[in-house]
1. Here are some conditions: (1) of a type in the set (S, T, N, Q); (2) surrounded by fewer than 18 Cβ atoms within 10 Å (Cβ to Cβ); (3) under 51 Å from the mean Cα position of the chain (by Cα); (4) part of a helix (DSSP H, G or I). Ser100 meets all but one. Which one does it not meet?
2. Considering each of Asn214, Asn294, Asn221 in turn, give the residue that is within 23 Å of Gly152 (Cα to Cα), of a type outside the set (A, V, I, L, M) and surrounded by fewer than 22 Cβ atoms within 10 Å (Cβ to Cβ).
3. Within the bounds of the stretch 74-94, is there any residue that is acidic (Asp, Glu), more than 21 Å from Phe9 (Cα to Cα) and open to solvent by less than 80 Å² (accessible area, probe 1.4 Å)?
4. Quick test of your reading of the structure: Leu195 fulfils all but one of (1) modelled with pLDDT under 90; (2) buried (at least 19 other Cβ atoms within 10 Å of the Cβ). Name the failing condition by number.
5. Any idea which residue in the stretch 268-291 is least open to solvent (accessible area, probe 1.4 Å), counting only those that are out of contact with any His (no Cβ under 7 Å at 6 or more places or on another chain) and farther than 20 Å from Ala149 by Cα?
6. If you scan the stretch 105-158, which residues turn out to be open to solvent by 70 Å² or more (accessible area, probe 1.4 Å), more than 14 Å from Leu292 (Cα to Cα) and in a strand (DSSP E or B)?
7. Does the stretch 85-143 hold any residues that are over 18 Å from Arg204 (Cα atoms), β-branched (Val, Ile, Thr) and modelled with pLDDT of 90 or more, and which are they?
8. Yes or no: the stretch 213-221 includes at least one residue that is of a type outside the set (S, T, N, Q), part of a strand (DSSP E or B) and at pLDDT 90 or above.
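The values are calculated or read from the model by the stated rules, or taken from the named source; none is laboratory data. Computed from a prediction, not measured in an experiment: that's the story for all the values here. Ideal geometry is used to build each Cβ from the backbone, glycine not excepted, and the neighbour counts take in all protein chains shown. What goes into the accessible areas is simple: the full protein's heavy atoms, side chains included, and nothing from ligands, DNA or RNA. Shrake-Rupley method; radii C 1.70, N 1.55, O 1.52, S 1.80 Å.
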Amino acid sequence: MELRHLRYFVMVAEERHFTRAAARLNMQQPPLSQQIRALEEELGFELFKRHPKGVDLTAGGQVFLQEAQDILARVKEGSLKASRAAHGIEGQLGVGFTSSAAAHPLIPRIIRAYRERFPGVAVMLKEGSAQQLTEAAIEGSVDVGILRAPVGRHQSIEFHRLLNEEMLLTLPVGHRLLAGRDTGNGAPSISLNDLADEQFILVRRPGAPGMYANLIKACQNAGFNPKIAFEVERMLTNVSLVAAGAGISIVPASMKDVHKESVVYCPIVDAKPRLHAPITLVCRSFNQLPPLQNFIGLSRELSGRRHRR
C-alpha cells in the first residue's frame with residue numbers, strides 16, 4: 001500500500017464517482033478502478049458498493065476513509081514541518097555572547113532581527129568568556145558564539161569577522177592626563193607613550209587573549225611593559241574599577257556610555273599595532289543546520305560583510 005492508493009481512495013470517496021475522481025486526479029478511469037480493486041484486495045474487504053449512478057462507501061470504507069484522511073493530513077503536516085526545518089524557519093538556535101560584544105549595538109539588532117524574521121526558531125542565549133564560547137562551539141553546546149577576537153584555532157570551527165571598532169583609553173574623571181585639557185567638546189587624544197607609569201585594569205588572558213596580546217605588544221613597541229593592577233573577567237568590570245579610581249583601561253568604543261559621568265573615553269595615538277576590537281562569530285565548520293546558516297547570513301547582512309574572512 002502506497003500513499004497514492006490512499007489519495008485515489010479518498011478522491012473516489014469524495015466524488016462518489018470513478019470518472020469524476022479520475023478527472024480530478026488527471027488520469028484515466030480504468031487505471032483508477034484497477035488501483036482501487038488492488039487496494040480492496042490488499043485490505044480484504046470492499047471499500048465501495050458500485051451502482052449505476054456511482055459508488056457508495058461500505059461500512060469498512062467509511063472507517064477506512066477517516067483513517068486515510070488522518071494519515072494524509074499527518075503526512076502533509078510532517079512534510080510542511082520538515083520543509084520549514086530544512087529552510088531554518090523552525091528549530092532552535094543556541095547563541096552565546098561575551099558581555100563586551102553584546103555592548104555593541106549591532107548585536108542586539110542582529111538578535112532582534114533574527115527573532116522577527118524567524119519567529120519559529122527558539123533562540124537560547126548564554127553569556128560566557130571568549131574561551132568558554134569557543135569551547136562550547138567546538139563541543140556543540142552552543143551553535144554560535146559572539147565574541148571579540150578569536151581565541152585559538154581548531155579544525156572543527158570557523159570564525160566570521162563582522163566588524164572592527166576603535167579601542168578607547170578609559171580614564172577616571174580628574175586623571176592627571178586630563179589636566180588642562182578641554183573634555184567638553186570631545187575627549188582629548190592620548191599618546192600610548194604617556195601611559196608607561198599607569199596601572200592597567202585588563203580582562204584576563206583566557207577571556208580576551210587577542211586584544212590583551214595586542215595591547216601588550218603595542219606597549220612594548222612604545223618602550224615599556226604595562227603595569228597590570230587587576231585582571232578581571234569582563235570589560236564592564238574594567239570600567240567600574242576605572243570609575244572607582246583603581247587604574248586605567250582600554251575598552252571598545254561601543255562601551256563609551258558606561259559610567260560616562262565618572263569616566264572619560266579618549267582616542268589613543270601612536271599605538272603600533274593599532275588597537276582595534278573586532279566582533280566575531282565562532283561556530284562549527286561542519287554540519288551547520290539551517291537556523292545557524294540563516295543567523296550567519298543575517299549577521300553579515302546587517303554588518304555589511306557578505307563573505308567569511
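1. Against the list (1) of a type in the set (S, T, N, Q); (2) surrounded by fewer than 18 Cβ atoms within 10 Å (Cβ to Cβ); (3) under 51 Å from the mean Cα position of the chain (by Cα); (4) part of a helix (DSSP H, G or I), Ser100 comes up short only on (2).
2. Working: Asn294 fails: within 23 Å of Gly152 (Cα to Cα); Asn221 fails: within 23 Å of Gly152 (Cα to Cα).
Among Asn214, Asn294, Asn221, only Asn214 is within 23 Å of Gly152 (Cα to Cα), of a type outside the set (A, V, I, L, M) and surrounded by fewer than 22 Cβ atoms within 10 Å (Cβ to Cβ).
3. Within the stretch 74-94, the first condition is being acidic (Asp, Glu), and the residues that meet it are 77, 90.
With more than 21 Å from Phe9 (Cα to Cα) added as a condition, the list becomes 90.
Now drop any that are not open to solvent by less than 80 Å² (accessible area, probe 1.4 Å), which leaves 90.
Yes, the stretch 74-94 contains at least one residue that is acidic (Asp, Glu), more than 21 Å from Phe9 (Cα to Cα) and open to solvent by less than 80 Å² (accessible area, probe 1.4 Å).
4. Here Leu195 clears every test but (1).
5. Taking the stretch 268-291 as the starting set, the residues that turn out to be out of contact with any His (no Cβ under 7 Å at 6 or more places or on another chain) are 268-278, 282-289, 291.
Pick out the ones that are also farther than 20 Å from Ala149 by Cα and you get 269-270, 286-289, 291.
On the way: Val269: 56, Asp270: 96, Phe286: 97, Asn287: 124, Gln288: 45, Leu289: 102, Pro291: 11 Å².
Per the criteria, the residue is Pro291.
6. Listed by number, the residues that qualify are Lys126, Glu127.
7. Matches in the stretch 85-143: Val95, Ile107, Ile110, Ile111, Val121, Val123, Ile138, Val142.
8. As a first pass, look at the stretch 213-221 and keep what is of a type outside the set (S, T, N, Q): 213, 215-219.
Right, trim to part of a strand (DSSP E or B) and you get none.
Checked the stretch 213-221: no residue is of a type outside the set (S, T, N, Q), part of a strand (DSSP E or B) and at pLDDT 90 or above.
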